[in-house]
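Written below as structure tokens is the structure these notes are about.
The values are calculated or read from the model by the stated rules, or taken from the named source; none is laboratory data. No experiment lies behind these values; they were computed from the predicted model shown. Heads up, the Cβs are rebuilt from the backbone with ideal geometry, glycines too, and the neighbour counts pull from every protein chain shown.
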Amino acid sequence: MRSHAKRLPSRPIILLLQVGVLVGFFLLWHVLTVTTNLLSPFFFGTPLAVLERTFKDFASGAIWYHLGITLLETALAFGIGTVAGIAFGFWFARAPLVSVVFDPYIKAVNALPRVVLAPIFALWLGLGIWSKVALGVTLVFFIVFFNVYQGVKEVSPVVLANARMLGANSRDLFRHVYLPSALSWVFSSLHTAVGFAMVGAVVGEYLGSSAGLGYRIHQAEGVFDTVGVFSGMLVLTIFVVAIDTVVTVVEKRLLHWRPQEAQTTH
Amino acid sequence: MAEAAATAPALCLEGVTCTFPSPDGRGRTYTAVQNASFTVAAGEFVSIVGPTGSGKSTLLNVAAGLLRPSAGRALSFGQPVTGINPQAGYMFQAEALMPWKSALENVAAGLEFRGVPKREALDRAGPWLARVGLEGFGDRFPHQLSGGMRKRVALAQTLIVDPKIVLMDEPFSALDIQTRQMMENELLDLWAADRKSVVFITHDLEEAIAMSDRVLVLSAGPGSRLIGEYRITLDRPRDVAEIRMTPQFLALHKEIWGQLRDEVLKGYAQTKLR
């Protein structure tokens, strides 16, 4: 691809630079904590200790169970939140009275910082996975809900009239016009929705649970185990990047009909 | 009943008036078309010309059943149009393809809506894409096609369900002049192959004369009326680019333009006032 913008170096070089930033960060951390002792390793950990702890956790298998729990909570929160968001989004978009009446309440609930609900959910649903799923659902639901609502509302009236002229009944309109339009909005918010499902799971675990990555971090914090906290954060980061990569692949698959940036040959 | 339908005109508008709430939202109303009546015989190609804002599309929407007139009624083959007119195909001015469907799926959509199984619908859509010159473009999505190609897809999409009457709302107005003349010729060829009734809306008088059997002239809005009707007796088959040079064409153009010019000027004055 050629463009008039300043030419970027080739991909391998960019990758090299990106790795360089990571190595540089770890080096700086190492120098500050170990070599010069400007920062106390007690409060800041050391990169080698964090990497060693993380590697050990994976090698011994101790982390897999917690990772699995967090993943399960994230998946459930995402699935339930998405289905509910699509259903309600459609209902509100197609029933103007409902949407007008509930509008202030939807906005009010959405404005509420969801973290404050975590203790309530723990009270209602216990310390198991469902209180975390519930928290994640309250986050995912609104993202999907607003996107579906927008997607249904934004269907081009001409496309709609055209489909009707071609003989589409209301079921056809739903399947061939409203749903694809709404789903394109949902997919474009997939990254945000998955991210929030995970935030719900980890925050829920952090505030009260007996398993999961959030629980691990909380545990380490309770005993001033800084290395444990950083190791937990590292695992969480790797986990998020992995999920995000999967989402990007899925998104490319599902939105292939969307215009990309101008491109010449593949 | 069947005999009545056979002899009844493909389309008949009787005293159609369309009044809309005024866009300034102060309770006033705006009358787009006033007391419009015309008929389109089976197999006839009729163009409606008029200045901008003369309610041309409004008339077409009434004929399609997308819009209910405030007064008067539309009949299609003797049947009053209530709801979507099942005899009619509609080619819109704006982009009307479903962007999430490939060209082939877009062409097949009408058949699918009519209960044809998806596989068969796609099989039958293939030849139609070829007829509008898009063989091998079936798997492209609308955004991957040029404006002219999208219009071809739309044409195939409209014609595949074999409507008895085709309503076209300035279908080629967004195309450059060369592509446009090519599309016009192709449309005439397709039309000659099986004579459907066509109502063709345009603001381009030359296009109207080159294509039609009859040209109707609308006055400037608001409250547009049909003020002129001209029979176009040029020989067919026609080539839209060449026929523009013939003396017959020029005489017709001069005659109709004499009437249309005043309306265009009035319409222009209106838009300046607004």
Among A:L166, A:L97, A:L139, A:L76, the single one that is surrounded by fewer than 17 Cβ atoms within 10 Å (Cβ to Cβ), among the hydrophobic types (A, V, I, L, M, F, W, C) and modelled with pLDDT of 90 or more is A:L97
Residue within segment B:63-71 that is assigned to a helix (DSSP H, G or I), assigned by TED's automatic domain parsing to the domain that holds B:D189 and touching a residue at least 12 places away in the same chain (Cβ under 8 Å) present = yes
B:C18 fails exactly one of (1) away from chain A (no Cβ under 11 Å); (2) assigned to a loop (DSSP other than H, G, I, E, B); (3) touching a helix residue (DSSP H, G or I) at 6+ places or on another chain (Cβ under 7 Å), namely (2)
Surrounded by 15 or more Cβ atoms within 10 Å (Cβ to Cβ), assigned to a helix (DSSP H, G or I) and in contact (Cβ under 8 Å) with a residue 40 or more places away in the chain, is that true of B:V153?
-> yes
Inset, instruction - Might you let me know whether segment A:65-84 holds any residue that is within 14 Å of chain B (Cβ to nearest Cβ), out of contact with any His (no Cβ under 9 Å at 6 or more places or on another chain) and assigned to a helix (DSSP H, G or I)? - result: no
Taking segment A:148-169 and keeping residues small (G, A, S), assigned to a loop (DSSP other than H, G, I, E, B) and facing chain B (nearest Cβ under 7 Å) leaves A:G167, A:A168
Note on A:A134: of the conditions (1) modelled with pLDDT of 90 or more; (2) in a helix (DSSP H, G or I); (3) within 11 Å of chain B (Cβ to nearest Cβ); (4) out of contact with any strand residue (DSSP E or B) (no Cβ under 9 Å at 6 or more places or on another chain), unmet is (3)
Over segment A:1-56, the set of residues loosely packed, with under 11 Cβ neighbours inside 10 Å, of a type in the set (V, I, T) and modelled with pLDDT under 90 is A:T35, A:T36
- Can you spot a residue in segment A:23-34 that is closer than 29 Å to A:V194 by Cβ and of a type in the set (G, A, S)? no
Considering segment B:46-62, residues that are assigned to a helix (DSSP H, G or I) and touching a residue at least 24 places away in the same chain (Cβ under 8 Å), and then whichever is farthest from A:A161 (Cα to Cα), we arrive at B:K56
Open item on the list: Condition (residue is of a type in the set (A, V, I, L, M, F, W, C) and within 26 Å of the chain's Cα centre (by Cα)) applied to segment A:33-45: is it met by at least one residue?
Closed with: no
Of the candidates A:Y149, A:Y178, the one satisfying the condition of being within 16 Å of A:F90 (Cβ to Cβ) and touching a Ser or Thr at 6+ places or on another chain (Cβ under 9 Å) is A:Y149
From the option list B:L218, B:L250, single residue qualifying as aliphatic (A, V, I, L, M), exposed (fewer than 15 other Cβ atoms within 10 Å of the Cβ) and within 19 Å of B:V49 (Cβ to Cβ) is B:L250
Checked segment B:74-91 for anything surrounded by fewer than 24 Cβ atoms within 10 Å (Cβ to Cβ), touching a Leu at 6+ places or on another chain (Cβ under 9 Å) and within 9 Å of chain A (Cβ to nearest Cβ); matches are B:I84
query: With respect to B:A174, is the statement that it is part of a helix (DSSP H, G or I), away from chain A (no Cβ under 11 Å) and either among the acidic types (D, E) or over 27 Å from B:G15 (Cβ atoms) (or both) true?
result: no
When every residue in segment B:64-73 that is hydrophobic (A, V, I, L, M, F, W, C) and within 11 Å of chain A (Cβ to nearest Cβ) is compared, the one surrounded by the fewest Cβ atoms within 10 Å (Cβ to Cβ) is B:L67
(message) Being without any contact (Cβ under 8 Å) to a residue 60 or more places away in the chain and farther than 25 Å from A:T237 by Cα is the requirement here; does A:V109 meet it?
(response) yes
Contact list, first residue from segment A:192-213 and farther than 28 Å from A:F145 by Cα, second anywhere and aromatic (F, W, Y), beta-carbon distance below 6 Å, six or more apart or interchain, is A:S209/A:Y215
Inside segment B:206-246, the number of residues satisfying the requirement of being touching a residue at least 24 places away in the same chain (Cβ under 8 Å), part of a strand (DSSP E or B) and under 23 Å from B:E186 (Cα atoms) is 3
Scanning segment B:231-242 for residues that are buried (at least 17 other Cβ atoms within 10 Å of the Cβ) and touching a Lys or Arg at 6+ places or on another chain (Cβ under 7 Å) gives B:I232
The residue from B:G83, B:G43, B:G27 that alone is within 18 Å of B:C12 (Cβ to Cβ), assigned to a loop (DSSP other than H, G, I, E, B) and either free of Cβ contacts under 8 Å to residues at least 40 places away in the same chain or assigned by TED's automatic domain parsing to the domain that holds B:H143 (or both) is B:G83
If we keep only residues of segment A:175-187 that are more than 7 Å from every other protein chain (Cβ to nearest Cβ) and free of Cβ contacts under 8 Å to residues at least 40 places away in the same chain, then the residue nearest to A:E251 (Cα to Cα) is A:W185
Restricting segment B:122-149 to residues that are part of a helix (DSSP H, G or I) and within 20 Å of A:L160 (Cβ to Cβ), the one nearest to the other protein chains (Cβ to nearest Cβ) turns out to be B:H143
Residue count, segment B:92-104, condition free of Cβ contacts under 8 Å to residues at least 40 places away in the same chain and either in a strand (DSSP E or B) or more than 9 Å from chain A (Cβ to nearest Cβ) (or both), comes to 1
The correct count of residues that are part of a loop (DSSP other than H, G, I, E, B) and over 23 Å from A:I238 (Cβ atoms) in segment A:1-54 is 15
